[in-house]
Amino acid sequence: MIKISPSLLAADFSILESEIKRVEEGGADWLHLDVMDGAFVPNISFGPCVISSIRKKSGLFFDVHLMINDPIRYIDDYKRAGADLLTVHYEACQDVEAALKAIKGCGIKAGLAIKPGTPVTVIEKYLNLCDLALIMTVEPGFGGQKLIPETVEKLRQVSELCRAYGIKAEIEADGGINRSNVGILRENGMTVAVAGSSVFGAPDAAEAIRSMRS
Ligand code: DX5
Ligand code: ZN
């Protein structure tokens, strides 16, 4: 069964605690936390202070997606804030291997993300260091966009590479996912679906999560 990781970016930030409770009680597997620096992506969201505050309010697995340049500088901060998994972007790292090893070195899970225009082939040599590969299905930076159909094939490619190398990494898709396209993503190898607007934007988060899983 696929995991659902609701993206907090689509929550009402004035009532974060009850928003998190809403998806936690609604059956979310993970909580996706989008960190944006206004440089790697043209938007700014939140950082370690917010994550460490909400860490005290939730037992969910914190799936932290770093959309920041040179992320190796901040790995310790996010680990201390309570991340369970830290995903860095291939395009944002000066040394991808060093970043992944630094994440694993602090005892948490490591993920590697690629933007829609980046081919899967560039991350092939790093997959053995990854607990998760993240395929962006929209351009990173904003929630509420439409999924780019050409990215679906990349899920299949990365899942085939993992199979070929015997790597048990999760394959996460992120951006524009809803109940009508989740099936095709799963068929192509996605094991974790990030969903912002389609879960936090729904009046009944539990029903939204259930409908995406089934
Ligand atoms: C985009 C973020 C996504 C996004 C998902 O840069 O990485 O996690 O917020 O939100 P929806 O599901 O609304 O596309
Ligand atoms: Zn994300």
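Here, each number is a calculation from the coordinates, and none is a lab measurement. A quick note: this is a predicted structure, and the numbers were derived from the prediction, not measured. In this analysis, Cβ positions are derived from the backbone assuming ideal geometry, glycine residues included, and neighbour counts consider all displayed protein chains.
Work through the residues other than VAL96 whose Cβ is under 12 Å from its Cβ and net out their charges, Lys, Arg +1 and Asp, Glu -1.
-3
Give me the one-decimal Kirkwood hydrodynamic radius in Å for the chain, with the sum taken over alpha-carbon pairs.
It is 16.9 Å.
Could the peptides 14-21, 26-33 be put in order, highest first, of the mean number of other beta-carbon atoms found within 10 Å of their residues?
Details: 14-21: 13.9, 26-33: 21.8.
The densest-packed peptide leads the list: 26-33, 14-21.
So which of LYS79/LYS101; LYS56/LYS168; LYS3/LYS125; LYS109/LYS146; LYS21/LYS101; LYS3/LYS56 end up more than 21 Å apart by C-alpha?
Check vs 21 Å cut-off fails for LYS56/LYS168; LYS3/LYS125; LYS109/LYS146; LYS21/LYS101; LYS3/LYS56.
Please compute the net charge surrounding ALA206, taking Lys and Arg as +1 and Asp and Glu as -1 over other residues with Cβ under 14 Å from its Cβ.
Net local charge, ALA206 excluded: -1.
Computed FRET efficiency, Cβ-Cβ of ASP95 and ALA164, R0 30 Å: what is it to the nearest 0.05?
With R0 = 30 Å, the Cβ-Cβ based efficiency is 0.75.
Tell me the label-point distance for the pair LYS104, ARG80, using the 7 Å Cα-to-Cβ offset, in nm and rounded to one decimal.
Result for the modelled spin labels: 2.5 nm.
LYS21 versus GLU207, label points 7 Å from Cα toward the beta carbon: distance in nm?
Placing both labels 7 Å along Cα→Cβ, they lie 2.1 nm apart.
Run through the DSSP bridge list for region 1-149 and note the antiparallel percent, rounded to the nearest 5.
5
Between PHE13 and ASP70, what length in nm is gained on full extension when 0.36 nm per residue of separation is reduced by their alpha carbon distance?
That works out to 17.8 nm of additional length.
For the pair LYS56/LYS125, report the inter-label distance in nm, with labels modelled 7 Å from Cα in the Cβ direction.
4.5
How much length is gained on full extension from GLU139 to SER180, taking 0.36 nm per residue of separation minus their Cα-Cα distance?
12.8 nm
Mark the label point 7 Å from the Cα of SER214 along Cα→Cβ and return the residues of region 162-195 whose backbone N is within less than 14 Å of it.
179
Output wanted: per-residue J couplings in Hz (rounded whole) for region 13-29, from phi through Karplus 6.51 cos²θ - 1.76 cosθ + 1.60, θ = phi - 60°, x for Gly and Pro.
Values per residue, Gly and Pro as x: 5, 7, 9, 4, 4, 6, 5, 5, 4, 4, 7, 5, 6, x, x, 4, 7 Hz.
Please tell me the relative contact order of the chain in percent, rounded to the nearest whole number, where contacts are Cα pairs under 8 Å and at least six residues apart.
Taking the mean separation of contacting Cα pairs over the length of the chain, I get 23 percent.
When the helix-only estimate is applied to the chain (DSSP H runs of n ≥ 4, each -39,500 (n - 2.57), divided by the residue count), what is the mean residue ellipticity at 222 nm, nearest 500 deg cm²/dmol?
Mean residue ellipticity at 222 nm (helix-derived): -9000 deg cm²/dmol.
Mind putting a number on the dipole of region 64-214 about its Cα centre? Charges go on the C-beta only, +1 for Lys and Arg and -1 for Asp and Glu, and I need it in Debye to the nearest 20.
Magnitude of the dipole: close to 280 debye.
Near GLY141, within a Cβ-to-Cβ distance under 13 Å, what is the net charge of the other residues, with Lys and Arg +1 and Asp and Glu -1?
-4
Return the long-range amide H neighbours of SER58 (sequence gap of 5 or more, or a different chain), with a cut-off of under 5 Å between placed amide H atoms.
none
Where the only charges are on Cβ atoms (+1 Lys, Arg; -1 Asp, Glu), what is the dipole of region 7-125 about its Cα centre, to the nearest 20 debye?
With only Lys, Arg, Asp and Glu charged at Cβ, the dipole is about 280 debye.
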